[in-house]
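Please read the structure below before turning to the comments.
The values are calculated or read from the model by the stated rules, or taken from the named source; none is laboratory data. Just so you know, these numbers come straight off a predicted model, no measurement behind them. For neighbour counting, all protein chains shown are included, and Cβ atoms are generated from backbone atoms with ideal geometry for every residue, glycine included.
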Amino acid sequence: MPAGLLWSAGAIALAGEAVVHVEQYLSLFHDIRWIGPLFLANAAACALAIAGLTRSGTRDLAALAGVAISAVALTGLIVSYGQGLFGWQEGGFRPIIQLTVIFELGAVLLLSAALAARSSAARMSAAR
C-alpha cells in the first residue's frame, strides 16, 4: 500500500475514533466523572493528530501521536473490562465498542505502517 494512502487511511481511522468518542460522550458518558472528560480529550487529541498528518513537516510526529492516542484508548478499554478504570466497569461488547476497537486498531496499524514505509524509503534514498 502506498505511503500516502496509509497516512490518509490512518487519519480516517483517527477521525472515526474521535466521532465515536464524541457520540459516546453525548449519549452515555457526559455525567461520568473522569471518563466523560477523557472521551472528549481523546477526540480533541485525534483532531490534533489529524491536523498534523496534513503537513509533511509534522506528519511523523503526528503519526506517532496517533499511534499513542489509539493505543492508550485501547488499553483503557481493556482495563475497564477487568479491574475498571476510574470507577467505570465496562460490560458486554456492544456494537459501538466493536466499531471503536476497529478504528483504534486501524489507526495503530495504518499509522505504524506509514511510519515504517517512510523510514524504509528514507533508508533506500540514503543508500543511493
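Odds and ends about this structure:
- Within region 16-39, the residues that satisfy the criterion of being in contact with a Phe, Trp or Tyr (Cβ under 7 Å, 6 or more places away or on another chain), within 13 Å of residue 86 (Cα to Cα) and not aromatic (Phe, Trp, Tyr) are 32, 35, 36.
- Counting the residues of region 20-41 that are in contact with a Gly (Cβ under 9 Å, 6 or more places away or on another chain), of a type in the set (Val, Ile, Thr) and either surrounded by 19 or more Cβ atoms within 10 Å (Cβ to Cβ) or at pLDDT 90 or above (or both) gives 1.
- Of everything in region 42-88 that is among the β-branched types (Val, Ile, Thr) and surrounded by 14 or more Cβ atoms within 10 Å (Cβ to Cβ), the residue that is farthest from residue 105 (Cα to Cα) is 58.
- Scan region 1-19 for residues that are touching a residue at least 60 places away in the same chain (Cβ under 8 Å), assigned to a helix (DSSP H, G or I) and either among the small types (Gly, Ala, Ser) or surrounded by fewer than 13 Cβ atoms within 10 Å (Cβ to Cβ) (or both) and the total you get is 5.
- Of everything in region 73-122 that is charged (D, E, K, R) and out of contact with any Leu (no Cβ under 8 Å at 6 or more places or on another chain), the residue that is farthest from residue 49 (Cα to Cα) is 94.
- Some residue of region 96-119 being buried (at least 16 other Cβ atoms within 10 Å of the Cβ), part of a helix (DSSP H, G or I) and of a type in the set (Asp, Glu): yes
- Residues that are under 18 Å from residue 110 (Cβ atoms), part of a helix (DSSP H, G or I), out of contact with any Lys or Arg (no Cβ under 9 Å at 6 or more places or on another chain) and among the aliphatic types (A, V, I, L, M) are absent from region 31-39 altogether.
- Among (1) at pLDDT 90 or above; (2) in contact with an Asp or Glu (Cβ under 6 Å, 6 or more places away or on another chain), the one test that residue 61 misses: (2)
- All positions within region 89-125 that are at pLDDT below 70 and over 19 Å from residue 10 (Cα atoms): 122, 123, 124, 125
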